Amino acid sequence: MTQLFTPLSATIVLLLGTSNLSSTQKTNNMNTTAVTATVEVITITRVQAPESASRNLFVKGFEAAIPDYQKIPGLLCKSFALSSSGSYFGGIYYWGNKQAAEQWFGPHWFEAVKKKYKTEGEVMYYTVSGEQIVQPSATGSGKFWSVVSMGSKAIDASAKGLLKVAFVTDSKGDEGHVSLWQTEADARAYYKNNLSANEFFDTPVLLNNQ
């Protein structure tokens, strides 16, 4: 079941008014109240990484799993991910509706993860209020990084290296955003003054079903 090599992914499409902000437009502390969402849910998965698995092995597994994920109903995008520490892997999934996400992450998913990796898988749900795509990204490999930032929905859409941002609410009602960046350096530079509130993910492979 190769798709379990990447249990972390999410989907969002957000419009500001009638058009997306371009990377040259400067909108500091963008407020999501002006945004309408077309992606309902993001799910983030975590599975403890086997000690023997290298980053290169994960990347090859992520790439090989792309055709399987392209067939999943309701999955708009996925960021295949590794924690910045390398201790767990998974994905950030962007879904068109919650029903599709719940169908994929049913009991069979947890059973398959436990059987394959001898550990429990974790799935976290985030409700999406909107997404801003600054620079479209295609399916493929790269040096991308993702950041989950809870506690603040504000973000500068003109920040260097920002590809997209989704505005979310977690199961506790806390608000924040999930962002995708061109490189680790871009992500780290933007959040350098508030590292404690953010979780960073090495994101070597992207899937775009849109």
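Miscellaneous remarks
- If you filter the stretch 185-202 down to residues that are among the charged types (D, E, K, R) and over 18 Å from residue 78 (Cα atoms), you find that the one that is modelled with the lowest pLDDT is 192.
Yes/no per residue for (1) under 21 Å from residue 133 (Cβ atoms); (2) among the charged types (D, E, K, R); (3) out of contact with any strand residue (DSSP E or B) (no Cβ under 7 Å at 6 or more places or on another chain):
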position: 153; (1), (2), (3): yes, yes, no
position: 166; (1), (2), (3): yes, no, no
position: 170; (1), (2), (3): no, yes, no
position: 173; (1), (2), (3): no, no, yes
position: 176; (1), (2), (3): yes, no, no
position: 180; (1), (2), (3): yes, no, no
position: 184; (1), (2), (3): yes, yes, no
position: 190; (1), (2), (3): yes, no, yes
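- Filter pass, residue 169 being in contact with a Ser or Thr (Cβ under 6 Å, 6 or more places away or on another chain), buried (at least 22 other Cβ atoms within 10 Å of the Cβ) and modelled with pLDDT of 95 or more: no
- No other residue among 160, 143 is basic (Lys, Arg), touching a strand residue (DSSP E or B) at 6+ places or on another chain (Cβ under 8 Å) and within 23 Å of residue 84 (Cα to Cα) apart from 143.
- Enumeration of residues in the stretch 163-182 that are of a type in the set (Gly, Ala, Ser) and farther than 21 Å from residue 84 by Cα: 171, 173
- Test: residue in the stretch 101-122 that is among the small types (Gly, Ala, Ser), at pLDDT 95 or above and not in a helix (DSSP H, G or I): yes
- If you filter the stretch 48-71 down to residues that are within 26 Å of residue 95 (Cβ to Cβ) and of a type in the set (Lys, Arg), you find that the one that is surrounded by the most Cβ atoms within 10 Å (Cβ to Cβ) is 60.
- Yes/no for residue 134 being β-branched (Val, Ile, Thr) and closer than 15 Å to residue 197 by Cα: no
- Residue in the stretch 33-47 that is surrounded by 14 or more Cβ atoms within 10 Å (Cβ to Cβ), over 16 Å from residue 167 (Cβ atoms) and free of Cβ contacts under 8 Å to residues at least 60 places away in the same chain present: no
Let's see how each residue does on (1) more than 19 Å from residue 79 (Cβ to Cβ); (2) within 16 Å of the chain's Cα centre (by Cα):
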site: 107; (1), (2): yes, no
site: 117; (1), (2): yes, no
site: 121; (1), (2): no, no
site: 124; (1), (2): no, yes
site: 130; (1), (2): no, yes
site: 133; (1), (2): no, yes
site: 156; (1), (2): yes, no
site: 162; (1), (2): no, yes
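- Restricting the stretch 128-140 to residues that are more than 8 Å from residue 206 (Cβ to Cβ) and in contact with a helix residue (DSSP H, G or I) (Cβ under 8 Å, 6 or more places away or on another chain) leaves a set whose member that is surrounded by the most Cβ atoms within 10 Å (Cβ to Cβ) is 130.
- Here the condition is being surrounded by 23 or more Cβ atoms within 10 Å (Cβ to Cβ), of a type outside the set (Gly, Ala, Ser) and touching a residue at least 40 places away in the same chain (Cβ under 8 Å); of 153, 78, 98, 143, it holds for 78 alone.
- Every listed requirement among (1) of a type outside the set (Val, Ile, Thr); (2) within 27 Å of residue 98 (Cβ to Cβ); (3) under 13 Å from the mean Cα position of the chain (by Cα) is met by residue 204 save one, (2).
The values are calculated or read from the model by the stated rules, or taken from the named source; none is laboratory data. Values in this document were obtained by computation on a predicted structure and should not be read as measured data. Neighbour counts run over all protein chains shown; Cβ positions are idealised from the backbone, glycine included.
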